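Structure record follows, encoded as structure tokens.
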Amino acid sequence: MITSKLEFSARDYQFQSYVDAQNWIGGEWTPSASGTQKAVYNPRHGEAMGSVFFSDESDVNAAYQAAARAQISWAQLPIRERAQVLFRLKFLMEQNLAELSWLLSHENGKTFSQAKAEVLKGIECVEMGVSLQNMADGGQLDVSRGVNCRLIHEPLGVVAGVTPFNFPTMVPLWMLPQALVAGNSFILKPSERTPYGAMKLAELLKEAGLPDGVFNIVNGGKEAVQALAAHQKIGALAFVGSTPVARLVYKQGSKTGKKMVCLGGAKNHLVVVPDADRELTSDNVVASFTGCAGQRCMAAAVLLAVGDTQSIIDDITAKTRELVPGVDIGPIVTPESRERILGFIDGAEALGFDILVDGRGAKVEGYPGWWVGPTIIDRVEPGSPCATEEIFGPVLSILRVDTLEDAIAIENASPFGNAAAIYTSSGDIAERAVRSFEAGMCGVNIGVPVPREPFAFGGWNHSKFGHGDMTGWDGFTFWTRPRKVTTKWALQSDQTWMS
Ligand code: NAD
């Protein structure tokens, strides 16, 4: 049992071990019932920094009991009082920014500045929760003589979230602010590879005044997820992860009738036309495919180069060569993921595509972790594995096409639909491209078109299963159910068809 306050004191990349990731149930750290543990690795060092407990149905039931007990009085508080907890969380996250960011960097591998950007984006999501106290009225209208209808956003009760390894702090915060401010209590199952960001959030939420049991964590893997999805009384489940698992969890959860939104994987296409600004485009494309070592669902994966865009490709190549693994780009999360990425590059080489920049030999002095340097593969054929499959590493596949229509046809043929972007100086081309993409999040001269609050986040097609989006206002409607109240105070003599 962890008894003292969690603190992570590293303020640089030197290896530091950390606590075992226990479950957070009813405001206390507790080992899972089975006691099974697996290592949590620091990918920069390739060394275990701690371990994580694996939970089963009995742990999920214990979390549910604590959450259900706490939810009753939490939901009775006025929304303004619930939002104050989030307000204090924002302050505490700002106060603990360095610790939160270093912890993230150690468990996930991303550079400190990328980790800090993640925490800051998480804080922005918290701000959305805070603003709900002024935004979340349902509306009302006199619909007939003396008859009024009003809408109330009611909580669902106990709800749950399952999150991936690549944004251990931000993705839980895509869900928590709206769900908690709406009056739900929450059970989170973080990635077993990166459980620490959520643990720190649990402590900060408690410090911010969240009553015990309103937020709970069950750690572990698929057994815990299946128990959450199958639970008859959990009212909603949001999932973020790879497409095969998103599809599976969506099917499992939907059988119980709970609300489900499951965000999946991606293969994002960036289209560059000859009139694109060279400097802006090359900077932006490089940042998009190398940021967080390409382990982002919004990362550029395919560059569709239309016509003569050679000078832009040259710039992209030159800027990519300047990036230093270990400084500008972090490691890959596991040795298995690294091997998988290398397999795609080897496969592309075997197919005869040009490897313009080759990150396969990347090494970083003093850090024996799992490195892949930024890689660019040119003259890739449509339909080949590196053109169609999610690689989830710092790899850009360039496909040369003759026309904008050819580019859009390739983008449209992808089963994914998370993000797509166009680089151009023409409003007409931009509008035509954006309106033709099969993607839920589109960019114009922006390679990571993440909608910022209060706009909601979510892709299309195989990048999302379920209805509605996450974050923003859509997040609030997902975590609530609408109650319609019709009131009649008119005199009986004043009759209408509704009498
Ligand atoms: P993952 O699918 O392996 O794991 C996600 C979560 O599902 C984890 O909590 C994991 O424990 C759990 N899980 C794994 N296998 C399971 C199974 N068989 N049954 C039930 N639960 C299971 O994903 P990951 O490797 O952690 O994250 C990377 C993936 O997430 C990429 O595909 C990326 O594109 C995607 N992602 C998508 C978004 C988005 O917004 N669409 C955002 C971030 C990441």
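Scan the strands (runs of 3 or more DSSP E) fully inside region 169-268 and keep the ones with 3 or more residues being of a type in the set (A, V, I, L, M), in contact with a Leu (Cβ under 9 Å, 6 or more places away or on another chain) and within 27 Å of residue 131 (Cβ to Cβ). Before the answer, list the steps.
Working: elements: 185-189, 215-217, 236-240, 259-263.
In region 169-268, 236-240 are the strands (runs of 3 or more DSSP E) which contain 3 or more residues that are of a type in the set (A, V, I, L, M), in contact with a Leu (Cβ under 9 Å, 6 or more places away or on another chain) and within 27 Å of residue 131 (Cβ to Cβ).
Go through region 478-498 residue by residue and tally those that are modelled with pLDDT of 95 or more and part of a loop (DSSP other than H, G, I, E, B).
Selection size over region 478-498: 1.
Does residue 239 satisfy the condition of being more than 10 Å from the ligand (Cβ to nearest atom), touching a strand residue (DSSP E or B) at 6+ places or on another chain (Cβ under 8 Å) and among the hydrophobic types (A, V, I, L, M, F, W, C)?
Details: more than 10 Å from the ligand (Cβ to nearest atom): no; touching a strand residue (DSSP E or B) at 6+ places or on another chain (Cβ under 8 Å): yes; among the hydrophobic types (A, V, I, L, M, F, W, C): yes.
No; evaluated as a whole, the condition is false for this residue.
Could we say that residue 226 is within 13 Å of the ligand (Cβ to nearest atom) and surrounded by fewer than 24 Cβ atoms within 10 Å (Cβ to Cβ) here?
yes
Just need a number here: residues in region 263-278 that are surrounded by fewer than 24 Cβ atoms within 10 Å (Cβ to Cβ) and within 14 Å of the ligand (Cβ to nearest atom).
1
Exactly one condition in (1) in contact with a helix residue (DSSP H, G or I) (Cβ under 8 Å, 6 or more places away or on another chain); (2) within 11 Å of the ligand (Cβ to nearest atom); (3) not in a strand (DSSP E or B) is false for residue 161; which is it?
The failed condition is (3).
Checking residue 407 against (1) more than 13 Å from the ligand (Cβ to nearest atom); (2) buried (at least 22 other Cβ atoms within 10 Å of the Cβ); (3) within 22 Å of residue 291 (Cβ to Cβ): exactly one of these is not met. Which one?
(3)
Collect the residues in region 53-103 that are within 30 Å of residue 369 (Cα to Cα) and in contact with a Phe, Trp or Tyr (Cβ under 8 Å, 6 or more places away or on another chain), keeping them in residue-number order.
99, 101, 102, 103
What do you reckon, is residue 246 over 20 Å from residue 38 (Cα atoms), assigned by TED's automatic domain parsing to the domain that holds residue 79 and either buried (at least 22 other Cβ atoms within 10 Å of the Cβ) or over 18 Å from the mean Cα position of the chain (by Cα) (or both)?
Working: over 20 Å from residue 38 (Cα atoms): yes; assigned by TED's automatic domain parsing to the domain that holds residue 79: yes; either buried (at least 22 other Cβ atoms within 10 Å of the Cβ) or over 18 Å from the mean Cα position of the chain (by Cα) (or both): yes.
Against the criterion (over 20 Å from residue 38 (Cα atoms), assigned by TED's automatic domain parsing to the domain that holds residue 79 and either buried (at least 22 other Cβ atoms within 10 Å of the Cβ) or over 18 Å from the mean Cα position of the chain (by Cα) (or both)), residue 246 qualifies.
Scan (1) over 30 Å from residue 335 (Cβ atoms); (2) touching a residue at least 12 places away in the same chain (Cβ under 8 Å); (3) assigned to a loop (DSSP other than H, G, I, E, B) for the single condition residue 110 breaks and write down its number.
Only one criterion is unmet by residue 110, namely (1).
Quick one: in region 332-379, of everything that is in a helix (DSSP H, G or I) and either of a type in the set (Ser, Thr, Tyr) or in contact with a helix residue (DSSP H, G or I) (Cβ under 7 Å, 6 or more places away or on another chain) (or both), which residue is surrounded by the most Cβ atoms within 10 Å (Cβ to Cβ)? Outline the logic, then answer.
If we filter region 332-379 for residues that are in a helix (DSSP H, G or I), which is where we start, we get 335-350.
This time we only want the ones that are either of a type in the set (Ser, Thr, Tyr) or in contact with a helix residue (DSSP H, G or I) (Cβ under 7 Å, 6 or more places away or on another chain) (or both), so: 337, 344, 347-348.
Details: 337: 21, 344: 21, 347: 15, 348: 25.
Only one residue tops the list, namely 348.
Given the conditions (1) within 8 Å of the ligand (Cβ to nearest atom); (2) surrounded by 20 or more Cβ atoms within 10 Å (Cβ to Cβ); (3) not in a loop (DSSP other than H, G, I, E, B), and given that residue 288 satisfies all but one, which numbered condition is not satisfied?
Every listed condition holds for residue 288 apart from (1).
Taking the stated definitions as given, is residue 463 of a type in the set (S, T, N, Q) and either crowded, with 18+ Cβ neighbours inside 10 Å or in contact with a His (Cβ under 9 Å, 6 or more places away or on another chain) (or both)? Break it down stepwise before answering.
Working: of a type in the set (S, T, N, Q): yes; either crowded, with 18+ Cβ neighbours inside 10 Å or in contact with a His (Cβ under 9 Å, 6 or more places away or on another chain) (or both): yes.
Yes, satisfied.
Give me the pairs: first residue in region 235-258 and over 14 Å from residue 297 (Cβ atoms) and at pLDDT 95 or above, second residue within 10 Å of the ligand (Cβ to nearest atom) and not in a helix (DSSP H, G or I), beta-carbon distance under 6 Å, and six or more apart or on different chains, which are they?
Sorted first by the residue in region 235-258, then by its partner, the pairs are 238/161; 249/239; 249/262; 250/262.
Just checking, how many residues over region 447-471 are away from the ligand (no atom under 13 Å from the Cβ) and farther than 23 Å from residue 71 by Cβ?
Just the residues of region 447-471 that are away from the ligand (no atom under 13 Å from the Cβ), to begin with: 447, 452-455, 467-468.
Checking which are farther than 23 Å from residue 71 by Cβ leaves us with 447, 452-455, 467.
Residues in region 447-471 being away from the ligand (no atom under 13 Å from the Cβ) and farther than 23 Å from residue 71 by Cβ: 6 in total.
Step by step: first the residues of region 164-173, then only those that are closer than 13 Å to residue 457 by Cβ and within 8 Å of the ligand (Cβ to nearest atom), then the one that is surrounded by the most Cβ atoms within 10 Å (Cβ to Cβ). Which residue is that? Give the derivation first.
Step one: filter region 164-173 for residues closer than 13 Å to residue 457 by Cβ, giving 167, 170-171, 173.
In the following step, the residues that additionally are within 8 Å of the ligand (Cβ to nearest atom) were identified as 167, 171.
On the way: 167: 26, 171: 31.
Looking at residues that are closer than 13 Å to residue 457 by Cβ and within 8 Å of the ligand (Cβ to nearest atom), I get 171.
I need a count of the residues in region 419-466 that are free of Cβ contacts under 8 Å to residues at least 24 places away in the same chain, out of contact with any strand residue (DSSP E or B) (no Cβ under 7 Å at 6 or more places or on another chain) and of a type outside the set (Gly, Ala, Ser). If you could, list the steps in order and put the result at the bottom.
Taking region 419-466 and keeping what is free of Cβ contacts under 8 Å to residues at least 24 places away in the same chain, we get 427-428, 430-431, 434-435, 442, 444, 451, 455-456.
Subsequent filtering for residues that are out of contact with any strand residue (DSSP E or B) (no Cβ under 7 Å at 6 or more places or on another chain) retains 427-428, 431, 435, 455.
Adding the requirement that they be of a type outside the set (Gly, Ala, Ser) leaves 428, 431, 435, 455.
The number of residues fulfilling the criteria is 4.
Among (1) within 16 Å of the ligand (Cβ to nearest atom); (2) at positive phi, where does residue 125 come up short?
Here residue 125 clears every test but (2).
The values are calculated or read from the model by the stated rules, or taken from the named source; none is laboratory data. Please read all numbers here as calculations on a predicted model, not as lab measurements. We place every Cβ from the backbone using ideal geometry, glycine too, and count neighbours over all the protein chains shown.
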